[in-house]
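Rule-based calculations on the coordinates, nothing more; no lab input. All figures in this text were calculated on a predicted structure; none of them were measured in a lab. Note: ideal-geometry Cβ built from the backbone for every residue, glycine included; neighbour counts use all protein chains shown.
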Amino acid sequence: MEDEQRANLERVSREDHEAKSALWAAKADYYPEKLVELGLKSIDRFVQYHPNPSRLMKMGITFGHRDLESVADAMANNKPWAVVSGLNPSGPLHFGHKQVFDELLWLQQQGADVYIPITNDESYVVDKAKSLGESRKIAYEQVIPSIIAMGFSSEKTHIFVDSDYPDIYNLAMDVSKHLSLNRVFGVFGFGQDEEGENPGTVFYRGAVQIAQILLPQLEEFGGPKPTLIPVGVDQYPYILLARDIARKKGLIPPSAIFTKFTHGLDGQGKMSSSRPASTISLTDEPKSAQRRIRGAYTGGSVLASFQKEHGGVPGVCPIYTLRTYHFEEDNRVWDQCSNGEILCGQCKGAATEDVVKYLTDHQEKLVDARKRIDEFILKTPIKSILK
């Protein structure tokens, strides 16, 4: 009976390994193919020549760019440049957000002024929040303190909550003069009769977000300058539209860097607040994070002996991405997993140790961060577009 049970477990392990390997084979070329499809450049040359590239760049997690040369020139010659990265306040920050902010922090350390729009208007318009007030509360009580606790400089960080910075809508109105509905529908895939679509969504995505991207180039913030937007490849249409509007307004077309997504713990795609089981929030109790890691999907096998012999499939494993995207300095975890040198229990243990340590430290810093919010809030009135 034991031999029969063993044989069954061997069969299940093999079938599972084959399925995960096939899944990875189907996904492995996604990002390289996107570089070609969208006409983007690899980040490799920048990594080669920069004296201290970011950890995410060295690891190939930030993998591509559009027009990074203009930013690199400003970086090398101590010229003004800016970074813009918006955030939708539908809940506390999680490790998928942390990955983006790790890169933003490195960019600030290279000289960038960092602008962070907190898009509570979007949260309301697309029904991620019941009201503007609710999304605003999340922004100030959960999102902004976590950003501050990550170590950003108050002198070079400019955060604004859209509903509290109405000047952004004046700029959006100015931007809208350079847009056509056909272009907005074409870029974002809207259909004029699409069920559930509303004018607020069209205006927000077509004008407000472009206004946020162009904001650092206004007269009030020093005028035209290279501006970098860190995004996922799915957001490339925003960059194309923003570059087009920038040219029409006599501004410098914004550049972009592209970063891979952190996998959700449930194995169902990227980490997302809309699937709580996929995330570890930066305000989670360490014990809660430990439970989620323990129950996470992996690229491993049912039988330890099978995994030792055949290895795991790190390409589909959220524990691999959690460790590598956030804590490791090289890609040794990939080799250890693929070669069967490390099993899922050991890998989850290492991830738990890193995550608990980070959460404990981050949450201690939140106490001071909540007292410093006003230092980071952008209050500069925009008058130049009213002339």
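Let me know the charge dipole size of the chain about its Cα centre in debye, to the nearest 20, where only the beta-carbon of Lys, Arg (+1) and Asp, Glu (-1) is charged.
Dipole of the chain, to the nearest 20 debye: 760 debye.
Starting from region 267-343, pick out the GluC sites (Glu not before Pro) whose DSSP state is loop and whose Cβ has at most 11 other Cβ atoms within 10 Å.
Qualifying residues, ordered by number: Glu329.
Tell me the relative contact order for region 254-387 as a rounded percent, counting alpha carbon contacts under 8 Å between residues six or more apart.
Dividing the mean separation by the residue count of region 254-387 yields 23 percent.
When averaged across all projection directions, what area in nm² does the alpha-carbon convex hull of the chain cover?
Over every viewing direction, the Cα hull of the chain projects on average to 21.0 nm².
With axes computed from alpha carbons, what is the tilt in degrees of helix 167-176 against the longest principal axis of the chain, rounded to the nearest 10 within 0 to 90?
Helix 167-176 and the main axis of the chain meet at about 90 degrees.
Calculate the length of the line joining the C-alpha centroid of region 88-107 to that of region 214-263, in whole Å.
Cα centres, region 88-107 to region 214-263: 18 Å.
How much length, in nm to one decimal, is gained on full extension between Ser42 and Asp335, taken as 0.36 nm per residue of separation minus their Cα-Cα distance?
Value of the extension gain: 103.2 nm.
For the cross-link pairs Lys98/Lys308; Lys137/Lys248; Lys308/Lys365; Lys41/Lys130; Lys20/Lys348; Lys98/Lys249, which exceed 29 Å when the distance is taken from alpha carbon to alpha carbon?
Lys98/Lys308; Lys137/Lys248; Lys308/Lys365; Lys41/Lys130; Lys98/Lys249
Using only the alpha-carbon atoms of region 38-264, report the extent along each of the three principal axes, biggest first, to the nearest angstrom.
That works out to 50, 38, 36 Å along the principal axes.
Divide by every residue of the chain the summed helix terms, -39500 (n - 2.57) for each DSSP H run of at least 4, and state the resulting mean residue ellipticity at 222 nm, rounded to the nearest 500 deg cm²/dmol.
Using -39500 (n - 2.57) per qualifying helix, the result is -14500 deg cm²/dmol.
Which of Ala369, Leu359, Asn331 sits closest to the plus end of the dipole of region 305-385, meaning its Cα is farthest towards the positive end, when Lys and Arg get +1 and Asp and Glu get -1 on the C-beta?
My answer, from the dipole projection, is Ala369.
Say the dipole of the chain comes from +1 at the beta carbon of Lys and Arg and -1 at that of Asp and Glu; which of Leu322, Ser273, Pro253 then lies farthest toward its positive end?
Pro253
In nm, to one decimal, how far is the modelled label at Ser288 from the one at Ser180, with both set 7 Å along Cα→Cβ?
Here the modelled spin labels are 4.9 nm apart.
For the chain, take the longest principal axis of its alpha carbons; what is the angle in degrees between that and the long axis of helix 2-27, to the nearest 10 within 0 to 90?
Tilt of helix 2-27: around 30 degrees.
Distance in nm between label sites at Val12 and Thr360, each 7 Å beyond Cα in the beta-carbon direction?
3.6 nm
Check His94: other-chain or 5+ apart residues with amide H under 5 Å from its amide H, H built from backbone geometry?
Amide H neighbours of His94: Leu282.
Would you mind checking the tilt of helix 344-369 against the longest principal axis of the Cα atoms of the chain, expressed as 0 to 90 degrees and rounded to 10?
So the inclination is approximately 30 degrees.
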